[in-house]
Structures are given as structure tokens and as C-alpha cells.
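To start, the structure under review is shown below, and the notes come after it.
The values are calculated or read from the model by the stated rules, or taken from the named source; none is laboratory data. Note that the coordinates shown come from a computational prediction; the quantities given were computed from them, not determined experimentally. We place every Cβ from the backbone using ideal geometry, glycine too, and count neighbours over all the protein chains shown. Calculation scope for accessible area: heavy atoms of the full protein, side chains included, ligands and nucleic acids excluded. Shrake-Rupley method; radii C 1.70, N 1.55, O 1.52, S 1.80 Å.
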Amino acid sequence: MIILIDFGGQTAHLISRRIKELGVECLIVTPEQALDKIKNSKPKGIIFSGGPADVFDKTAPTANLEMFELGIPILGICYGHQLIGYLLNGKVVSGEKKEFGPAVLELNDSADESPLLQNVSKESSIWMNHGNEVTELPKGFISLGKSKTTPHAVMADEKRKIYGIQFHPEMVHTEFGTQILGNFLKICGLTPKKAEINKEFVESLIKDIKDSVLEQRAICALSGGVDSSVAALLVHQAIGKNLTSVYVDSGLMREDETETLKKVFKEHYKMNVVIVDAKKEFLKALEGIDDPEEKRKIIGKTFIEVFDKEAKKISAKFLVQGTIYPDVIESAGSKHSKNIKSHHNVGGLPENMNLILVEPLRNFYKDQVRKIGEILGLPNSITERQPFPGPGLAVRIIGSVTEDKLEILRKSDKIVTDEIEKSGIKLWQAFAVFTGIKTTGVRGDNRAYGQTIAIRAIEAKDAMSANFAKLPYELLDKISTRIVNEIPEVNRVVYDITNKPPATMEWE
């Protein structure tokens with residue numbers, strides 16, 4: 001077993017997932033719990049996660065020095081790397097140049113002999129996300145590699161088997177990330193292997209739900225997206241007629257959402273699906289609200305109010321949601337993590353909610369959820385749907401939400417998705433954003449003053465990181481031309497070329 005100490009990193013859970021994918025048990029603990037857990041469970045290795053704090057801040061989470069004397073291999077990642085350097089009397093400073101996003105790792109000659117870097121190329125792509133850096137190594141450590149702005153991107157005390165890496169091996173953008181984590185497991189005396197989500201795994205998940213809900217009635221928040229659809233079907237398989245799925249038409253949805261949902265769940269799976277028209281309630285609650293955090297929380301509160309009403313009709317005790325792990329971690333899901341944005345079904349839930357939450361996908365990532373959906377037999381039209389935010393188009397409108405803005409955005413979004421689908425290009429996500437910026441244009445021989453629509457198209461695997469898609473200019477030209485020609489209120493289209501991090505998937 002590996003113990004992972006979570007110092008509040010946005011990807012701490014992703015590190016755990018990578019270790020489990022390699023066939024090794026991984027227990028996540030807080031820094032405060034760590035030493036006792038290590039002594040009691042006797043793990044084969046210890047990993048320090050990343051985190052948002054500065055190691056030299058007096059309030060920053062830290063590690064007990066006794067851990068370094070136990071003879072257990074240690075790997076520090078990002079903040080964990082800096083913490084090792086700091087605690088063992090190296091020097092950590094705020095870097096003159098910060099690194100957020102892709103970088104290149106250059107290994108030096110010493111790396112050839114290090115078991116941590118076996119079968120890793122001399123030069124490879126890595127993913128950085130830091131402002132501080134180790135500038136002087138602790139006694140007994142050697143430097144194994146650098147990036148353009150970080151002199152000690154990899155350090156090692158081979159004698160004590162203590163390692164630090166400034167980059168994130170858990171990110172899919174780190175070319176040899178899985179190899180490095182597998183190498184660390186070998187250093188720990190463990191044999192890495194590939195673990196998969198299979199039929200037996202899904203059957204076990206269904207049994208867990210059945211054992212949790214028993215004979216009680218449950219109500220499911222069904223949006224028609226991948227996450228809520230898979231959650232609904234999992235719980236339906238577990239408790240059958242005791243589940244009522246509620247689709248709330250908030251007026252914030254994509255085109256044709258309601259019809260797609262009816263066809264799949266009511267007709268194909270014969271599930272009990274109730275459709276509630278709540279457009280007026282949502283638009284009234286959002287009237288004049290500009291702040292994205294407030295919008296998310298209002299939407300979460302309004303959803304729960306609607307569900308409470310429906311739940312009372314059937315005496316439901318549980319509320320099923322399609323919350324997945326990126327929702328949780330961006331809403332500050334661990335003790336030392338920072339809030340990025342409140343998800344309407346995590347940070348946006350009211351404290352006095354009358355329903356008990358059931359979130360069967362809470363520990364999974366989007367690609368894992370798709371795999372579970374495939375095993376359950378959901379059609380490709382659902383499992384391959386692009387992610388859609390729970391608060392809907394409200395968080396793709398910068399500023400206040402109105403019916404007019406929703407209509408403009410809905411039409412723009414349909415053009416974006418239709419043209420990309422026609423092109424045959426497969427993306428994680430592509431959508432339009434109503435920026436709320438008006439600019440001058442020309443229509444005919446007349447001056448026009450219209451809206452600006454942004455296009456966001458991204459490539460990703462698990463939603464914790466992403467690259468903007470390098471769409472062909474011809475395709476972008478076609479999308480732009482259609483939007484300004486078919487939607488008279490719009491006279492400018494721009495393309496978002498920002499990766500995640502530093503940006504998030506959505507604009508709000």
C-alpha cells in the first residue's frame with residue numbers, strides 16, 4: 001500500500017487514481033493524520049501531494065520530520081517536492097518566473113542511474129503548476145533534471161530513497177508520468193500493473209448502492225448529460241421502481257435536451273422520469289445576478305427546492321446526483337485545498353437540505369464515467385456526449401442571465417457543435433460563450449453594434465487539465481461566418497486559446 005498525504009492539491013485524488021490504476025492500494029490522509037497512519041499501516045511508500053500553500057508560510061501544512069527516518073521511500077510532487085527541500089534544510093524561494101502549463105524536462109547524466117527515471121527520455125513534455133521552487137538542494141540530494149526556469153525539477157537522495165519532482169506526473173500531459181509513478185512503486189518493492197473498470201467492478205458498485213439505499217425511495221437529478229445519466233441508470237439497476245428521475249427544465253439547457261432524454265430513458269430503459277417545467281423560477285431567481293459564484297449557488301438552491309417538492313410527492317429519502325470528482329475538488333473537496341468555483345451540486349447545496357445525498361460517481365473522472373456507462377449499455381449518444389455544466393448555459397453567459405441572451409447563446413452553441421460534428425473532429429468539449437461584450441461592426445453599409453461570441457474547444461482526458469484544440473482555420477471561418485450571418489445580434493466571434501490550468505474549462 002501507498003500512503004498519499006494530501007496537502008490540498010487540486011490533483012491529489014488524481015495521483016491516488018493513477019496509483020490504483022497501476023494495481024496498488026492507495027490511502028489518502030491529511031498531514032495531521034499522516035504519521036500515526038504510517039506507523040499503524042506500515043505502507044511500502046509515501047507520496048507528498050501538491051498544494052496551494054507556500055512551504056515557508058507558518059500556517060502551511062507540513063510533515064513530521066520523523067517520516068524521513070522510517071526507511072520508507074518518499075516521493076514529493078510539486079508542493080511536496082518543495083516541502084522535502086524545505087524541511088531537510090535546502091532552500092525554497094518564490095520563483096522569478098512562474099510555470100503554469102506545459103514545459104520541457106531535461107534530464108542530466110546522473111538521471112541514467114536513478115531507478116525513478118528508468119525508461120524516461122532525456123527530454124520530455126511535463127506539466128507544471130507552481131510559483132515557488134527549490135534553488136538549493138538538501139544535504140545528500142543530487143539534481144537529476146531541470147526545466148527552462150526550474151534548476152532542480154527532479155532531485156533525489158538515492159541512499160534514503162527520497163525523491164522530489166516539481167512537475168505533475170499524474171497529469172496526462174506529462175509524457176512519462178505513469179512511467180515515473182510505476183518506477184516509484186518498484187522502488188517501494190511493489191509490482192505495478194494495469195487495473196481496469198470492468199463488468200464485475202460495475203456490479204459491485206450497483207451492490208454498494210443497493211446496500212446503502214435499501215428499500216427506501218430515491219429521487220434522481222437527471223439532466224441528460226453523461227454524469228447524471230450514468231448515475232441514474234446505476235441507481236435504477238440497484239433499486240428499480242423505487243427510483244424516480246426528475247428532469248428539471250430550467251430554461252438553461254442546450255437545444256433538444258428534453259427530447260433526447262425522453263427517448264433514451266422513458267422509452268428505452270422504461271424508467272420513471274418526471275419532467276418539471278421550472279423556467280420561470282430559475283430566470284426569476286437569477287434576475288440581475290452577475291457574480292458567477294452567486295449564480296451557481298442560486299441555481300443549486302433552486303434545483304433543491306424543486307427536488308424537495310417532487311420528493312415529498314413520493315416520500316423520497318435520498319437524492320441521487322451525478323457529481324464526479326473534478327466537481328468536488330474544484331469546490332474545495334479536501335482539508336487544505338482552495339476553492340476554484342462552487343459546483344451547483346457540491347458547493348452550491350443549501351445546508352438545510354431535507355434529502356440525503358447519494359453520489360455513486362463522486363470518486364470518478366469523466367473518462368471512467370463514460371466507461372461505466374458503456375458497460376451499463378447506455379447508447380453512444382449519451383456516453384459520448386460532451387460535458388455540460390450542471391448550471392447549464394447560465395455559466396456560459398458572462399453577467400446576468402436573460403431569455404434574450406439565452407436564445408442568442410443557444411443558437412450560437414448549436415452552430416459550433418454542428419460544424420465540429422460535421423468536420424469529424426473528436427473533442428472533449430466545444431461550445432459557445434456569450435461574453436457580454438459589444439463591439440462595432442458593419443452590416444451592409446451600416447454601422448452595427450452587436451454582441452461578441454467566444455468559441456471554446458478543448459482536448460482532455462479527465463477534466464483536471466486540458467489543451468485548447470488547434471482547430472483548422474477553415475472550420476473556424478465557417479463557424480464564425482454562420483454565427484454572424486444567422487444571428488443578427490452578433491457581429492464578432494473570437495477563439496479562446498487558453499489551456500487548463502491556468503484557465504478552467506468553463507468561463508465562469
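A few comments on the model shown:
- Estimated inter-spin distance, Arg160 and Phe468, nm [label 7 Å along Cα→Cβ]: 4.4
- Summarising the label geometry, the points placed 7 Å from Cα in the beta-carbon direction at Arg443 and Lys42 lie 7.6 nm from one another.
- Cα gyration tensor category, rounded, prolate or oblate, for region 46-179 with a/c compared to 1.5: oblate
- Arg17 accessible area, assembled protein chains, probe 1.4 Å, Å²: 20
- Hydrodynamic radius (Kirkwood) for region 117-173, which is based on Cα pairs only, to one decimal in Å: 12.2
- Set of aspartates and glutamates with alpha-carbon distance to Lys313 below 15 Å, sequence-local pairs under 8 removed: Glu305
- Set Lys193/Lys366; Lys411/Lys500; Lys58/Lys295; Lys20/Lys461; Lys266/Lys414; Lys186/Lys210 screened for pairs whose C-alpha atoms are more than 28 Å apart: Lys58/Lys295; Lys186/Lys210
- Across every pair of non-identical alpha carbons in region 144-194, the mean reciprocal distance, once inverted, gives a Kirkwood radius of 11.9 Å.
- The distance between label points at Val276 and Asp256 comes to 2.7 nm (points 7 Å beyond Cα on the Cα→Cβ vector).
- Long-range amide H partners of Glu175 with built H, under 5 Å: Ser125, Ile126
- Along each principal axis, taking the top coordinate minus the bottom one, the Cα set of the chain gives 67, 66, 42 Å in descending order.
- Across the cross-link table entries Lys280/Lys371; Lys39/Lys159; Lys438/Lys478; Lys270/Lys297, which are compared at the Cα atoms, the separations over 25 Å belong to Lys280/Lys371; Lys270/Lys297.
- With a Förster radius of 22 Å applied to the C-beta separation of Asp211 and Glu310, the computed FRET efficiency comes to 0.30.
- Dividing the helix sum by the residues of the chain, where each DSSP H run of 4 or more adds -39500 (n - 2.57), gives a mean residue ellipticity at 222 nm of -10000 deg cm²/dmol.
- All aspartates and glutamates inside 20 Å of Lys263 as judged from Cα atoms, apart from same-chain residues fewer than 8 positions distant: Asp227, Asp249, Glu255, Asp277, Glu374, Glu384
- The chain - accessible surface per residue (Å², probe 1.4 Å): 44
- For region 486-505 versus region 38-115, the gap between their alpha-carbon centres in whole angstrom: 37
- Our Cα-only numbers for region 103-144 put the radius of gyration and Dmax at 11.7, 29 Å.
- Cα centroid separation - region 224-238 against region 426-481, whole Å: 31
- Rounded, prolate or oblate (a/c below 1.5 giving rounded, otherwise prolate when a/b exceeds b/c) for region 1-115 by Cα gyration tensor: rounded
- Shape class of region 58-109 from the Cα gyration tensor (axes a ≥ b ≥ c, square roots of the eigenvalues): oblate, since a/c reaches 1.5 or more and a/b does not exceed b/c.
- Among the protein heavy atoms, those of Tyr86 account for about 90 Å² of accessible surface (1.4 Å probe, every chain in place).
- Against the compact-protein benchmark of 2.2 N^0.38 Å, the Cα-based radius of gyration of region 225-279 scales to 1.10.
- For region 146-262, the percent of C-alpha pairs falling in each 5 Å distance bin, counted from 0 to the bin holding the largest distance, reads 2, 9, 12, 13, 9, 9, 9, 9, 10, 9, 6, 2, 0.
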